[in-house]
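Structure record follows, encoded as structure tokens.
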């Protein structure tokens, strides 16, 4: 069985602060994919990143960066110099290759960026 | 290339009525997934379908819920005799493949079901 835990249910920061959203996962599969999605107040799901279990390289995309550590089963997401438009709920998700391809989502972290 | 389309975007039903939610996958995608998001919660997998086949329905409630993905037309999630607890956002996703490097799921905008 797969499980994704996002321990932080809500985070509040002031604009321009850096913020890290934690994600810890569990799976018995050796081949799996990890995802982050953003859900703004409008409600749609916006895909941010996908990583496979064999690629532990950290990734940076503009103000966003991701730290994947298999040793601690974590896939943390950092926003540098946060902006008000970053306010949203962020979901971490896992898809295990031998588990039917469905996504298992964490409970989400609500990020509020105040001006 | 249009994205995943869902309709209606908002649906209001009274208790006991039926709800039909439609999902048109992205062009070229033959794999469809339905997820449910209860208020203030994360998304939970419901069912995974390919054309004319249900592959995995382990997340579907045992009663009142059904899904199909016919050879022609959109995928349909059907909820019979709705109850207030069915009020949620229902998201559909599609992917070109089930596994491997092309397994990314693209999500539709969701259908928000309200049961009065």
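Quick one: pull the percentage of alpha-carbon pairs in segment A:1-108 with a separation above 15 Å. Within segment A:1-108, distances greater than 15 Å cover 61 percent of Cα pairs. Between the C-alpha center of segment A:1-72 and that of segment B:4-52 there is a gap of 24 Å. With the convex hull drawn over the C-alpha atoms of segment B:3-96, the volume per residue is 96 Å³.
Legend: translational diffusion of the protein assembly as shown by Stokes-Einstein, Rh = Kirkwood radius over C-alpha pairs, 10 °C, 1.306 mPa s; D = 87 µm²/s. Each of A:86, A:29 was scored by other Cβ atoms within 10 Å of its Cβ. Listed from fewest to most, they are A:29, A:86. Shape summary of segment A:25-88, radius of gyration then Dmax from alpha carbon positions: 13.0, 38 Å. Label positions at residue A:81 and residue B:20, each projected 7 Å from the Cα along the C-beta direction, are separated by 5.2 nm.
The reciprocal of the average 1/r between distinct C-alpha atoms defines the Kirkwood hydrodynamic radius, which for segment B:4-48 equals 12.5 Å.
Spin-label model, residue A:14/residue B:83: points 7 Å from Cα along the beta carbon direction are separated by 4.9 nm. Determine, from the Cβ-Cβ distance of residue A:60 and residue A:3 and an R0 of 30 Å, the FRET efficiency 1/(1 + (r/R0)^6), rounded to the nearest 0.05. According to the calculation, E is roughly 0.65.
The numbers here are math on the coordinates, done by the rules we state, and not lab data. Nothing here was measured: the structure is a model prediction, and the numbers come from that model. Cβ atoms come from the backbone with ideal geometry, glycine included; neighbour counts cover every protein chain shown.
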